[in-house]
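Visitor: So that we are looking at the same thing, I have put the structure below in structure tokens.
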């Protein structure tokens, strides 16, 4: 077929209807005129000739109709007719339409949001050129921290990568001369931008050739977003000098818009060469082979033709070489490659999104079951109309087509509404900063793929619930229905498709309700579990003395003055200091290798335990609310001139010495060979994440190994937020150039609880959606059965039936279905929550409160949903009814 | 002479043939078909138009309004490039069929 001609024909037909009709009319008239001319020539007079011509021509209207069909597009015409009819039908039952559209909008909206999140987290690659061949190297499946010298060796000794870049985080106070603000960036190897094949948006970037040893490259490159927000797109910033932690750095360039570093969740403000890290960290990691703080991740493009497996073998070979050469500092774990971006979050994120997809899929299925039964009821209501149309010669195909058009129309409306909601929600999510002050964001943005998915979902669900009444229509016998009247259809005792759908739907909803209750209980339990410290009424004052330009030998004295200053504030009970991060803050925690005292060869294969290591000041345990089980805590005399001492937790004592009481006075060794004497044992706690197994921990006096990055833990009688101003002003008195940050410990716990909270919130929303769906489902079913049987109830009441008997007749079946569905759902839900346990901490379905909660919730839903139909059944007036019939 | 019934599908080919001899309006197509078939083929007047519309939709004919010799406005049809191609193909097809049919029907017992 000639397509343009076809389109022209269609366009003429639909866009210029009246012109086409006029055109056709004129053509036929001219034909008759010609014929009449001929007839006139053969001897007839004009009037007779014209009459004769018209008769010869035949049924003019029929031919016009045929011409119309010849123009093509009959399919569309039927569609337009069907849509018009469907709109009319739907407008006639606004309640049904509203319920159906809203149900679908919720279901499709939920699915679109989940897809948007999946798209943002798992499907969308990093915004860098040729991301397909860009890999991050991992040791032992976690990208984790590694040492800088090991990175340099891997870079120089491997044969698989074009080049390898490394980066870590740089937390700084950035002083532009006008103001001092905390800015977080990446400290990267000089080749970072070249490895990523990234060109600057403005100015230039640094290269490997700029690195000439420690602190040789004082340059920073701003991200476009930070340049925009902090420097207001000022092109003259290139060449300007800013102070990072009191050291001068020159701004040399701006990265392109859309580039947000090489981690999906964390967008840096700027990039600086890693060779200058000591100026920012206050500590040199460039030569510390044994330290895991040198590099966060190593990334690079594979050479053409090199497979991932070959590269991994290569990395393992380099690792084995390093372990042999540096047995004290490096223990090789198997290497792996992962696409850069999510890194260690890939597993949990996949599980989380997978779980969400499953649940939202269930929601959509439940919604389809719901709408299917609604549609079947709707179609049954219209059986008389359908029968009449069949009797008048309409084909069954035509009627089914019309019913499907109705279903798809509803699903498209619902889909559009759901999409609108989900786009708004996703826009909010993408600008949402879950943690105050931390550069964490969710990289989601609605795009064309989302619209396509929503459209596909809408169409599929439209067909899914649209075909439910098909069997009903195909089986319909017009003669019987027209004869018997609409009320004549008996509701049989056998189980109908509709009832099965209802059970399915209630079961799905019960699964959702069970899951959300399990998640909520799990979250509540993890909030009230024993952390090994008491976050209530505790303020964490972060004071990074490096940012204020303190050299490490001046740090301990200053820290002591800061603690003492805190203790002078009225209302403060205790104050103590912990280096780096306190437990459960920013999921940070560093581990150290320890050895039994009798081990002489301190190679890594002889490590006895890897406890979390905290350097604390005297008074820390009191301030943190950690109970001392036995022995003593530290004093200010445990300094560099005193013997090395430690306080360990119960788990450590058990692992190293067998018992708590037996640990006091015993010795163990650190990696550097120092013999440490245990002077006290404290209770166990949580350290890096809430879901961790019980871990050993040791606490060393901060005076024996000072660090400039520290938090002061301040415990008070009342809400510490009220004391925040006093704390800040006290520290300003000590040093006005000190960037101070105060947050309550409970606030910072939000970060480690974030995954649980997110999971619980999403499950809660899904559970609510499920509950709403089951209400509408049961309501629809009950209301339908009551309305179909009002006459029967009238007769029952007239014959003396009691209210309970009427109710039983009206709702017994709906409630029985509810019970079956709920029981099935509860059972499945208990099975499904095994999956949940991986996301939500302490999620266990074997919890009487959860089980009772589900039963109660489903019963309540049943009561709610059957209330109105029950009222209707009870208010039946037999006299009215019998008279009407 | 008796008028023969049209075989199904032959109307389109006849119309293409008629129009290939020069642009025609609808009535003209009828007259031309009568003339070239020695009035042996009869086309129902009204049935012509759906066929014409179909051929236009398929892009084989092009229609333009014009004025005929006796000063009457009429819609004239002419072949498009695609129409000429289709006309050639269908003519060949028809000829092959006709020869085959004629041969088949002329077969005598002694030839088998």
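Read the figures in this text as sums done on the coordinates, not as results from a lab. Bear in mind the structure is a predicted one, so any value in this text is a computation, not a measurement. No Cβ is skipped: glycine too gets one built from the backbone with ideal geometry, and neighbour counts run over all protein chains shown.
Visitor: Take each of the peptides A:203-212, A:184-193, average the number of other beta-carbon atoms within 10 Å over its residues, and list them starting from the highest.
Guide: A:184-193, A:203-212
Visitor: Beyond 27 Å, how much of the Cα-Cα pair distribution for region A:131-340 remains, as a whole percent?
Guide: Cα-Cα pairs of region A:131-340 separated by over 27 Å account for 30 percent.
Visitor: Quick one: if the Förster radius is 35 Å, what FRET efficiency do residue A:606 and residue A:639 give, using the C-beta to C-beta distance and rounding to 0.05?
Guide: E(calc), rounded to 0.05, equals 0.70.
Visitor: Any chance you could give the angle, 0 to 90 degrees and rounded to 10, that helix A:94-118 forms with the longest Cα principal axis of chain A?
Guide: Its long axis makes an angle of about 30 degrees.
Visitor: Separate question: In bins 5 Å wide, starting from 0, what share of all Cα pairs of region A:657-751 does each bin hold, as a percent?
Guide: For region A:657-751, the pair-distance distribution reads 2, 8, 14, 16, 17, 15, 12, 10, 5, 1.
Visitor: Starting from the Cα of residue A:799, step 7 Å along the direction of its Cβ; do the same at residue A:93; then give the gap between the two resulting points in nm.
Guide: Placing both labels 7 Å along Cα→Cβ, they lie 2.9 nm apart.
Visitor: Sticking with this one: Hey, for a label at residue A:588 modelled as a point 7 Å past Cα toward Cβ, could you say which residues of region A:682-725 have their backbone N under 15 Å away?
Guide: The answer is A:688-689, A:707-713.
Visitor: I would also like to ask the following. Need one number: nm distance between label points at residue A:324 and residue A:38, each 7 Å from Cα along Cα→Cβ, rounded to one decimal.
Guide: About 10.5 nm, to one decimal.
Visitor: I'd like the FRET efficiency for residue A:427 and residue A:132, computed as 1/(1 + (r/R0)^6) with the beta carbon distance as r and R0 of 30 Å, rounded to 0.05.
Guide: With a Förster radius of 30 Å, E is 0.55.
Visitor: In addition: Quantify how much of the Cα-Cα distance distribution of region A:225-378 extends past 28 Å, in percent.
Guide: 52
Visitor: Another question, then. Can you give the Kirkwood hydrodynamic radius of chain A from its Cα pairs, in Å with one decimal?
Guide: Over chain A, the inverse of the mean reciprocal pair distance is 33.4 Å.
Visitor: Oh, and also: What are the equivalent ellipsoid semi-axes of region A:60-215, built from the alpha-carbon gyration tensor (square roots of five times its eigenvalues), in whole angstrom, biggest first?
Guide: Those come to 62, 23, 19 Å.
Visitor: Please average, across the residues of A:77-90, the number of beta carbons from any other chain that are within 10 Å of each residue's own beta carbon, and give a whole number.
Guide: For peptide A:77-90, the averaged partner shielding equals 0.
Visitor: Over all Cα pairs of region A:3-72, how is the pair count split among 5 Å bins, expressed in % and running from 0 up to the last occupied bin?
Guide: 4, 16, 21, 18, 13, 11, 9, 6, 3, 0
Visitor: Using just the C-alpha positions of region A:20-136 as equal point scatterers, what log10 of I(q)/I(0) does the Debye formula give at each q in 0.10 1/Å?
Guide: Calculated log10 I(q)/I(0) at the listed q: -0.67.
Visitor: Nearest 500 deg cm²/dmol is fine: what mean residue ellipticity at 222 nm does the protein assembly as shown get from its DSSP H runs of n ≥ 4 alone, each adding -39,500 (n - 2.57), divided by its residue count?
Guide: So the helix-based figure for the protein assembly as shown works out to -17000 deg cm²/dmol.
Visitor: Here's something else I'd like to know. Give me a single rounded figure for B:62-75: the average over its residues of other chain Cβ atoms within 10 Å of their Cβ.
Guide: Taking all residues of B:62-75 together, the mean is 2.
Visitor: What relative contact order, as a whole-number percentage, does chain B give when Cα pairs under 8 Å and 6 or more residues apart are counted?
Guide: With pairs under 8 Å counted, the relative contact order is 27 percent.
Visitor: In addition: Express in nm, to one decimal, how much length is gained between residue A:210 and residue A:162 on full extension, taking 0.36 nm for each residue of separation and deducting their alpha carbon distance.
Guide: 15.4 nm
Visitor: Could you calculate the contour length gain from residue A:569 to residue A:596, that is, 0.36 nm times the residue separation minus the distance between their Cα atoms, to one decimal place in nm?
Guide: 5.4 nm
Visitor: Here's a follow-up. Any idea what angle helix A:308-325 forms with the longest principal axis of chain A, computed on alpha-carbon atoms, 0 to 90 degrees, nearest 10?
Guide: Relative to chain A, helix A:308-325 is tipped by roughly 10 degrees.
Visitor: In percent, how large is the relative contact order of region A:3-72, given Cα pairs closer than 8 Å and 6 or more residues apart?
Guide: For region A:3-72, the relative contact order is 41 percent.
Visitor: Can you order the peptides A:448-458, A:41-51 by their average number of other Cβ atoms within 10 Å per residue, highest first?
Guide: Final packing ranking: A:448-458, A:41-51.
Visitor: Test of understanding: ordering A:135, A:745, A:636 by Cβ neighbours within 10 Å, fewest first, what list do you get?
Guide: Final ranking by Cβ density, sparse to dense: A:636, A:135, A:745.
Visitor: Just subtract the alpha-carbon distance of residue A:250 and residue A:849 from 0.36 nm times their residue separation and send over the number in nm, one decimal.
Guide: Net length gain for the segment: 209.6 nm.
Visitor: Further question: At R0 = 35 Å, how high is the FRET efficiency between residue A:719 and residue A:284 if r is their beta carbon distance? Nearest 0.05 is fine.
Guide: So the FRET efficiency works out to roughly 0.30.
Visitor: Extent of region B:3-102 along each principal axis, from alpha carbon coordinates, in Å, largest to smallest?
Guide: Extents along the principal axes, in whole Å: 46, 30, 21.
Visitor: Shielding by partners for B:41-52, please: the mean number of other protein chain Cβ atoms within 10 Å of each residue's Cβ.
Guide: Neighbouring Cβ atoms belonging to other protein chains average 5 per residue here.
Visitor: A further question follows. Alpha carbons only, please: Rg and Dmax for region A:729-796, in angstrom.
Guide: When restricted to Cα atoms, region A:729-796 yields Rg and Dmax of 28.6, 91 Å.
Visitor: For helix A:497-527, report the angle its Cα long axis makes with the longest principal axis of the Cα atoms of chain A; keep it between 0 and 90° and round to the nearest 10°.
Guide: On a 0 to 90 degree scale, this one is about 20.
Visitor: Provide, in order from the shortest bin, the percent of all Cα-Cα pairs of region A:538-717 in each 10 Å bin, continuing until the bin that contains the maximum pair distance.
Guide: 10, 38, 37, 14, 2, 0
Visitor: Tell me the relative contact order for chain A as a rounded percent, counting alpha carbon contacts under 8 Å between residues six or more apart.
Guide: 14
Visitor: Could you order peptides A:17-29, A:592-604, A:152-164 by the average number of other Cβ atoms within 10 Å of their residues, highest first?
Guide: Most protected by this proxy first, the peptides run A:152-164, A:592-604, A:17-29.
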